[in-house]
Amino acid sequence: MANHSETEGKPIYKKWWFWAIIIIVIIAIAATQGGTENSTDPTASTGGTTIKTEYNQGEEAILGDGAITVTKVERSQGSEYDKPASGKEYVIVHVKIENKGNDNLSYNPYYFKMQNSQGQQENTTFTTIDQDTALNSGELIPGGTVEGTLVFEETIGDTGLILIYNDNVWSSQELKIKLQ
């Protein structure tokens, strides 16, 4: 008689390669379930509800239980000891964050980025010019509010600046606030 391997005669669902193929198919299906997003659309659909995702300075922007308002934007050449790079200026964004939900809401300056007119998105800049007003990180209880500043280093006079907020690294949903 011929020598048969140990896997011959086993049902197909007991073979390792069968499960490897099943896992690959499941991952492929899950990856395509996210659908396509239109980055130029200022709204997003969630469960049949349309959510506004683009706002103007001064408008209350809502994402989940958080409400963010850009109350003021200043431009600065820095101080004697703290200056931006040549051809750049500090853009100081004053924000107010409110918890409109029933659970605590985390806030953090790292949830914010600035997009310039060239399409570059950058994080906040370390500087001492707003050390008394800088937004720190923490939590807000339901109904709580916090105000603070975020500083970005941008090209002098750039009029196409957009503040971007995303509090969840696992989600592509974000708020965009056009600055004036």
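The values are calculated or read from the model by the stated rules, or taken from the named source; none is laboratory data. Here the structure is a predicted model, which is why all the values come from computation and not from measurement. Note: ideal-geometry Cβ built from the backbone for every residue, glycine included; neighbour counts use all protein chains shown. Note: areas computed on protein heavy atoms with side chains; ligands, DNA, RNA excluded. Shrake-Rupley method; radii C 1.70, N 1.55, O 1.52, S 1.80 Å.
Considering the conditions (1) under 17 Å from I68 (Cβ atoms); (2) under 16 Å from the mean Cα position of the chain (by Cα), S172 is excluded by exactly one of them, (1).
With a requirement of 3 or more residues that are without any contact (Cβ under 8 Å) to a residue 60 or more places away in the chain, the strands (runs of 3 or more DSSP E) lying completely within segment 113-180 that satisfy it span 138-140, 145-155. For the structure I just gave you, tell me whether N116 is under 12 Å from the mean Cα position of the chain (by Cα) and either open to solvent by 20 Å² or more (accessible area, probe 1.4 Å) or of a type outside the set (F, W, Y) (or both). The answer is no for N116. When segment 68-111 is limited to residues that are of a type in the set (F, W, Y) and open to solvent by 20 Å² or more (accessible area, probe 1.4 Å), the one that is nearest to Q131 (Cα to Cα) turns out to be Y81.
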